[in-house]
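Contents: one structure, followed by commentary.
The values are calculated or read from the model by the stated rules, or taken from the named source; none is laboratory data. Since the structure is predicted, the reported quantities are computational estimates derived from the model, not experimental observations. Here the Cβ positions follow ideal geometry from the backbone for every residue, glycine too, while neighbour counts run over all protein chains shown. Areas reflect the complete protein model, heavy atoms only, side chains present, ligands, DNA and RNA absent. Shrake-Rupley method; radii C 1.70, N 1.55, O 1.52, S 1.80 Å.
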Amino acid sequence: MIDRLRQTFGAAADPQRAAPMRAYMREQFPFLGIPSPARAALSRPLLRGPFSEADLRETARACWALPEREYQYFACDLLRRHAKALTPASMPLLRELVTTKPWWDTVDVLAAHVAGPMVRAHPGLVSTMDEWTREGTDHWLVRTAILHQLRYRESLDFARLSDYCRRWAAEPDFFIRKAIGWALREHAKTDPAAVRGFVAAHPDLSPLSVREALKNLGPAAGPPAPQ
């Protein structure tokens, strides 16, 4: 798999595109220079499987060991597509991927499309999300836990999300503040009143979190205007 992947991606590399892609990610990762649509097309035949859980873990780790960022994107796509095959035995892998070469581009996919389905399929794993939001935890793990319910809609546990957001409301880290606002904004599509109430009750939320949380909500209804 890795040999095929390297041959496929290597043949499509474009150094001229790689430079601005690297710059966009603040020079943190080298890139092959493959645009997202082209990468998706090249990846499609390699993602089909079938794969055992051990295959998925081994391939993801091998992709993470390669320098160019497109290989980590492939690993995220692979785990996202086959998330149903992942059991609690793969949580150490998830933690490893979130905390190694971390940035929003991989962490957000792993949070919403890998951690989220895993916790939904294996509810006992929610204790791991709770653990990842404790004080002193790696901030990328905190962001993952805050965002893991991003696609849950009506089944979202708002009490748990509220606890996470309340616990980290005063955190100055941009990515935590953004995650809080994003998670609340997404839940506002299902329960706007709950999100309005939470924001109103927590003045310690950062302006960024508040702005993100209320972005798609109109002004709250007030008392009738005097006649």
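General remarks:
- Kirkwood hydrodynamic radius over Cα pairs of segment 148-217, then Stokes diffusion coefficient at 37 °C and 0.692 mPa s, in µm²/s: 283 µm²/s
- Value at 222 nm in deg cm²/dmol, rounded to 500, when DSSP H runs of n ≥ 4 in the chain each add -39,500 (n - 2.57): -18000 deg cm²/dmol
- Solvent exposure of segment 84-227, expressed per residue, is 47 Å² of accessible area, with all protein chains present and a 1.4 angstrom probe.
- Contact order for segment 80-227, expressed relative to its length and based on alpha carbon pairs under 8 Å spaced 6+ residues apart, stands at 19 percent.
- Placing dummy labels 7 Å off each Cα toward the beta-carbon, the span from Glu135 to Arg80 is 3.6 nm.
- Within the listed set Thr106, Thr190, Thr59, the Gaussian network model of the chain (springs between alpha-carbon atoms below 10 Å) gives the highest mean-square fluctuation for Thr190.
- Among 206-213, 24-31, the order from most to least packed when residues are scored by Cβ within 10 Å on average: 206-213, 24-31
- Between Trp103 and Asp55, the simple label model (points 7 Å from Cα in the Cβ direction) yields a spacing of 3.0 nm.
- Accessible area of the chain belonging to carbon and sulfur atoms, whole % at 1.4 Å probe: 54 percent
- Three-way shape call for segment 38-117 based on the alpha-carbon gyration tensor, with the a/c threshold at 1.5: rounded
- Size descriptors for segment 1-153: radius of gyration and Dmax over Cα atoms are 15.5, 47 Å.
- Residues Arg17 and Arg160, FRET efficiency given R0 of 35 Å [Cβ-Cβ distance, rounded to 0.05]: 0.30
- Applying the criteria of a DSSP loop state and at most 12 other Cβ atoms within 10 Å to the trypsin sites (Lys or Arg not before Pro) of segment 112-156 yields Arg134.
- Projected label distance in nm at Val126 and Ala62, using a 7 Å step from Cα toward the beta-carbon: 3.7 nm
- For segment 78-208, the Cα gyration tensor yields ellipsoid semi-axes of 23, 17, 12 Å (square root of five times each eigenvalue, largest first, whole Å).
- Shape category assigned to segment 23-77 from the gyration tensor of Cα positions, a/c cut at 1.5: oblate
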